[in-house]
Amino acid sequence: MKTITFSFTILFAIAFSNILTAQSELSPDEMAIRQVMHGIQDGWNNKSGEQFAAQFAADHSIVVWTGMYMPHLTPEVNAQAHQGLFDSVFKTHYMDLKVDNVRFVKPDVAMVHALVSTREGSEKAPDYPQLLATSLLVKNGDKWEIVSFLNLNIEYNELLRKPEPADEEIAAFAKDRFPGWYR
């Protein structure tokens, strides 16, 4: 019994050490970028247009999941627009966001893919991402800011070529295609 307990303890220590090592391998810039992306989630979940828009550059663009393109937004206009959404149609909607990939195009430019799901009220979040957000961030002094944000629906019925795939089918597909959601 002592051997089993000792072996389990060693395995747990190795696994935990690997997790900490993987997290500590992130550069300060990547950690800052991930914080920017989580700032979007926090602003959404706190229903604060100002907190949400604080992650964006003075001049930025957004393309929403419907294809609506909004170029040359300011954080103030972004904050106003999102506050209107948070006070009405998204009043009870909450977001779960997981950064899937950060790719540095240049030392001061990064492309980020994030997997997102939304849920209403206290509903359980889906077991798979519903949206894919692609952001272009630039480093302005010491601060990373979003200059372009594209948010699109993941159309599982089209990807699976079925009119109404079951949740289990969607989850299996998502685990294969979007492993970052499950980390």
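The values are calculated or read from the model by the stated rules, or taken from the named source; none is laboratory data. This structure is a prediction, so every number in the text was calculated from the model and none was measured. Quick reminder, even Gly has a Cβ in these numbers, built from the backbone with ideal geometry, and neighbours come from all protein chains shown.
At-a-glance table
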read-out: Residue count for the stretch 32-49, restricted to those that are over 19 Å from residue 98 (Cβ atoms) and either out of contact with any Asp or Glu (no Cβ under 9 Å at 6 or more places or on another chain) or surrounded by 19 or more Cβ atoms within 10 Å (Cβ to Cβ) (or both); value: 1
read-out: Checking residue 149 against (1) free of Cβ contacts under 8 Å to residues at least 60 places away in the same chain; (2) assigned to a strand (DSSP E or B); (3) not polar (S, T, N, Q), the condition it does not meet; value: (1)
read-out: Only one of 174, 133, 110 that is at pLDDT 95 or above, in a helix (DSSP H, G or I), closer than 29 Å to residue 46 by Cα and within 19 Å of the chain's Cα centre (by Cα); value: 174
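Residue by residue, here is whether (1) in contact (Cβ under 8 Å) with a residue 60 or more places away in the chain; (2) in contact with a helix residue (DSSP H, G or I) (Cβ under 9 Å, 6 or more places away or on another chain); (3) small (Gly, Ala, Ser) holds:
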residue: 139; (1), (2), (3): yes, yes, no
residue: 158; (1), (2), (3): no, no, no
residue: 170; (1), (2), (3): no, yes, no
residue: 179; (1), (2), (3): no, no, no
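A quick yes/no check of all residues on (1) within 22 Å of residue 180 (Cβ to Cβ); (2) in a strand (DSSP E or B); (3) among the basic types (Lys, Arg):
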{"site": "40", "(1), (2), (3)": "yes, no, no"}
{"site": "51", "(1), (2), (3)": "no, no, no"}
{"site": "58", "(1), (2), (3)": "no, yes, no"}
{"site": "78", "(1), (2), (3)": "no, no, no"}
